[in-house]
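Presented below is the structure to which this report refers.
The values are calculated or read from the model by the stated rules, or taken from the named source; none is laboratory data. Worth saying up front: this structure is predicted, and the values here are computed from it rather than measured. All Cβ positions, glycine included, derive from the backbone under ideal geometry; neighbour counts span all protein chains shown. Accessible surface is based on the protein model in full, side chains and every heavy atom, while ligands, DNA and RNA are left aside. Shrake-Rupley method; radii C 1.70, N 1.55, O 1.52, S 1.80 Å.
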Amino acid sequence: MENLILSLNCVTPMFLILCVGLLVRRCGVLSEENVHALSTLSFRALLPCLLFYNVYSADLDTAAQPHVIAFLMLWTLGWFGAGYVLFTCTVKDPRRRGAFIQNTFRTNIAVIGVSLAQSMLEPEWVAAVAVAVSSLVPIYNVLAVITLETCRGGKLDWKKTVRGILTNPLVIACVLGFLCLGLDVRLPAPVEKAVNSMGSAGSVTTLLALGASFQLRGLEANFRPVVLGSLLRLVLAPAVALTLAVLLGFRGGALGIILICTASPTATTAYPMALACGSDHELTGQLVVTTSLFCSLSLFLWIFVLKQLGLL
């Protein structure tokens, strides 16, 4: 019973904020333009403050988890390769193939992951999640460009890809946090408090914006692909990753980080990239929505199982 309550406490705040976002949109408080503006504000200003502060205020020995980061990087590359081969062989339509491959490896760790970490892990491990975000987001971007360009027969624009990674607010925030931490640079107390407050707001506004963006239009036409894609993202991927991690000896907070990074829903940024690159953006959007809706249940079950087994 104790593990059940602990698991519920981990996912309930995130689920309730998503529901509030959905309710606010349905009540007409936020228009589609407002939701887009809120998402942009969160991504470019508030969420970077959260990641920066988590790294800046961390214990360097705890935040730097090279074994966990190495595992996640290798896992991402390996799972991407497996998904690319599988869907290249089984899905004839390249536009739809790109949507499935993105769903395979690209998780929403910057939004769902960081928020979940704050309620699931000890404070010292939350900074390690921020490091994982800064390490995986560039890889996600590169693999997404490779996926979408090859699935439409185009050539990769490496200059644009590198520029996009270097100017990503999340990556910049984590790098700045590490510089301040490593060089022992301390911000003035009022500035530090302001950054912390903005970061705290970021974890809420990003979930509100995600909840407000939920739309299920046209789901009937893609019902089976969406179900299969959701099971792949929320069940199969974490099952394989966690099995490998446990066999390699990861436990406690380290295993929690791996759970967060591999069991999170499809990244919301997958949709605008699919739209811009001529991929099946409708299927991509539906996968983002359905995995985000059901991740509270799947994450609750994963946390409960791992706690029952004494691994988390």
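Between a residue in the range 262-284 that is open to solvent by 60 Å² or more (accessible area, probe 1.4 Å) and any residue that is part of a loop (DSSP other than H, G, I, E, B), which pairs come within a Cβ distance under 7 Å, given they are 6 or more apart or on different chains?
Within 7 Å, the pairs are 282/218.
Residue by residue, here is whether (1) closer than 27 Å to residue 304 by Cα; (2) assigned to a loop (DSSP other than H, G, I, E, B); (3) among the β-branched types (Val, Ile, Thr); (4) touching a Ser or Thr at 6+ places or on another chain (Cβ under 6 Å) holds:
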| position | (1), (2), (3), (4) |
| --- | --- |
| 179 | no, no, no, no |
| 191 | no, no, yes, no |
| 200 | yes, no, no, no |
| 208 | yes, no, no, no |
| 225 | no, no, no, no |
| 228 | yes, no, no, no |
| 237 | yes, no, no, yes |
| 240 | yes, no, yes, no |
| 244 | yes, no, no, no |
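Does residue 30 satisfy being over 21 Å from residue 138 (Cβ atoms), open to solvent by 20 Å² or more (accessible area, probe 1.4 Å), assigned to a loop (DSSP other than H, G, I, E, B) and of a type outside the set (Ser, Thr, Tyr)? Don't jump to the end; show me each part of the working.
Details: over 21 Å from residue 138 (Cβ atoms): yes; open to solvent by 20 Å² or more (accessible area, probe 1.4 Å): yes; assigned to a loop (DSSP other than H, G, I, E, B): yes; of a type outside the set (Ser, Thr, Tyr): yes.
Here the answer is yes, as residue 30 does meet what is asked.
Suppose we keep only residues that are surrounded by 11 or more Cβ atoms within 10 Å (Cβ to Cβ) and at pLDDT below 70 within the range 150-163. Which one would you say is farthest from residue 138 (Cα to Cα)?
Applying the filter and picking the extreme gives 154.
Give the range 102-116 a look and list any residue that's farther than 17 Å from residue 46 by Cα and in a helix (DSSP H, G or I), or say none.
In the first step, residues of the range 102-116 are kept if they are farther than 17 Å from residue 46 by Cα; the result is 102-107.
Hits for the range 102-116 are 102, 103, 104, 105.
Which count do you get for residues in the range 49-68 that are modelled with pLDDT of 80 or more, assigned to a helix (DSSP H, G or I) and more than 20 Å from residue 191 (Cα to Cα)?
Total satisfying the criteria: 3.
Against the definition (within 21 Å of residue 176 (Cα to Cα), in contact (Cβ under 8 Å) with a residue 24 or more places away in the chain, open to solvent by 10 Å² or more (accessible area, probe 1.4 Å) and out of contact with any strand residue (DSSP E or B) (no Cβ under 8 Å at 6 or more places or on another chain)), how does residue 110 come out, yes or no?
On the way: within 21 Å of residue 176 (Cα to Cα): yes; in contact (Cβ under 8 Å) with a residue 24 or more places away in the chain: yes; open to solvent by 10 Å² or more (accessible area, probe 1.4 Å): yes; out of contact with any strand residue (DSSP E or B) (no Cβ under 8 Å at 6 or more places or on another chain): yes.
So residue 110 passes the test.
If you check 130, 99, which single one turns out to be in contact with an Asp or Glu (Cβ under 7 Å, 6 or more places away or on another chain), assigned to a helix (DSSP H, G or I) and open to solvent by less than 20 Å² (accessible area, probe 1.4 Å)? Quick ask: steps written out before the conclusion?
Details: 130 fails: in contact with an Asp or Glu (Cβ under 7 Å, 6 or more places away or on another chain).
When all the criteria are applied, what remains is 99.
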